[in-house]
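The structure under discussion appears below in the form of structure tokens.
The values are calculated or read from the model by the stated rules, or taken from the named source; none is laboratory data. Every value quoted in this text rests on a predicted model; they were computed, and no experiment measured them. For neighbour counting, all protein chains shown are included, and Cβ atoms are generated from backbone atoms with ideal geometry for every residue, glycine included. Each accessible area value is taken on the protein alone, full model and side chains, heavy atoms only, with ligands, DNA and RNA left out. Shrake-Rupley method; radii C 1.70, N 1.55, O 1.52, S 1.80 Å.
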Number of protein chains: 2
Amino acid sequence: MSSEASATVQTQLLIQASVSGAMKVESRDGDHVGSVHAFMVHKGSGRVTHAVLSLGGFLGMGKSFYPLPFALLQFDAVRDLYVVTIDRRLLEGGPSWANNAPGFDQAYADRVASYYGVGSENLANG
Amino acid sequence: MSSEASATVQTQLLIQASVSGAMKVESRDGDHVGSVHAFMVHKGSGRVTHAVLSLGGFLGMGKSFYPLPFALLQFDAVRDLYVVTIDRRLLEGGPSWANNAPGFDQAYADRVASYYGVGSENLANG
């Protein structure tokens, strides 16, 4: 994409959509990790790019939100929950926020992808 | 799928995820249609199957919610809104709810697909 084309697209391509009921997230060993607070949805393609996990009450602190590339979650349809193979300590060191959600733009998506070692994707391609 | 297999899967495969900011929806002629209230997300694939439109204040009645197959919305990245080619009267006659959201299961998804003349999809396949 030329710099001119990227300059004209100021629109935020991802939108946060909040899950009302708590969707549980467990580790592979069956330990409680947290819950899905929201999905980041690509407005154009309608694809969920990230799940925003809520890891609450850790060490007495308030809730924090951790965006995780959706490909790293596996849905268990029988138990109606997600399983992640990622270590909780790795999650806790990852990109997150407590009160003010970041602008979830290309740069932030790249940062999340880089942290979790997954390929970064060009949001402009859908 | 055998009837035994379908009997074991009681899990709701779609989950509603609410959009906080109002995403506008317009007709092709640029008329205001409503806004995107929520997305129905397929838990397994992370695909948005439907946008739930809010068509508020029509004839003095309260807000109602109209699920539309996502494929019928076109995202305008420059103006940051969705365009639908569907006539507003067709929408208003479609499946909808005001207070109590239906269980958005295969039967309901089939009903929506049938109303809008799009192919019905097997949710169990993702």
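Structure summary
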{"item": "When residues of segment B:44-55 are limited to those that are at pLDDT 95 or above and hydroxyl-bearing (Ser, Thr, Tyr), the one surrounded by the most Cβ atoms within 10 Å (Cβ to Cβ)", "result": "B:Thr49"}
{"item": "Residues within segment A:95-105 that are surrounded by 12 or more Cβ atoms within 10 Å (Cβ to Cβ) and of a type in the set (A, V, I, L, M), tallied", "result": "1"}
{"item": "Identity of the residue in segment B:24-39, within 13 Å of A:Lys43 (Cα to Cα) and open to solvent by less than 10 Å² (accessible area, probe 1.4 Å), that ends up nearest to the other protein chains (Cβ to nearest Cβ)", "result": "B:Phe39"}
{"item": "Filter result (open to solvent by 60 Å² or more (accessible area, probe 1.4 Å) and either not in a loop (DSSP other than H, G, I, E, B) or not polar (S, T, N, Q) (or both)) within segment A:112-123", "result": "A:Ser114, A:Tyr115, A:Gly117, A:Gly119, A:Glu121"}
{"item": "Residues of segment A:61-73 satisfying the condition of being outside any loop (DSSP other than H, G, I, E, B) and within 13 Å of A:Ser35 (Cα to Cα)", "result": "A:Ser64, A:Phe65, A:Tyr66, A:Pro67, A:Leu68, A:Leu73"}
{"item": "Hey, B:Phe58 more than 9 Å from chain A (Cβ to nearest Cβ) and modelled with pLDDT under 90 or not", "result": "yes"}
{"item": "Residues of segment A:89-108 that turn out to be touching a helix residue (DSSP H, G or I) at 6+ places or on another chain (Cβ under 7 Å) and closer than 16 Å to A:Ala17 by Cα, as a count", "result": "1"}
{"item": "The listed residue being closer than 21 Å to B:Ala17 by Cβ, assigned to a loop (DSSP other than H, G, I, E, B), among the hydroxyl-bearing types (Ser, Thr, Tyr) and in contact with a Phe, Trp or Tyr (Cβ under 9 Å, 6 or more places away or on another chain), out of B:Ser54, B:Ser45", "result": "B:Ser45"}
{"item": "Scan of segment B:65-94 for residues that are aliphatic (A, V, I, L, M) and open to solvent by 10 Å² or more (accessible area, probe 1.4 Å), ordered by number", "result": "B:Ala71, B:Leu72, B:Leu73, B:Ala77, B:Val78, B:Val83, B:Ile86, B:Leu90"}
{"item": "Tally, over segment B:9-22, of residues that are open to solvent by less than 20 Å² (accessible area, probe 1.4 Å) and facing another protein chain (nearest Cβ under 7 Å)", "result": "2"}
{"item": "Some residue of segment A:83-93 being basic (Lys, Arg) and at pLDDT below 95", "result": "yes"}
{"item": "Checklist (1) more than 14 Å from chain B (Cβ to nearest Cβ); (2) assigned to a helix (DSSP H, G or I); (3) under 13 Å from the mean Cα position of the chain (by Cα); (4) surrounded by fewer than 18 Cβ atoms within 10 Å (Cβ to Cβ) applied to A:Ala109, failing item", "result": "(4)"}
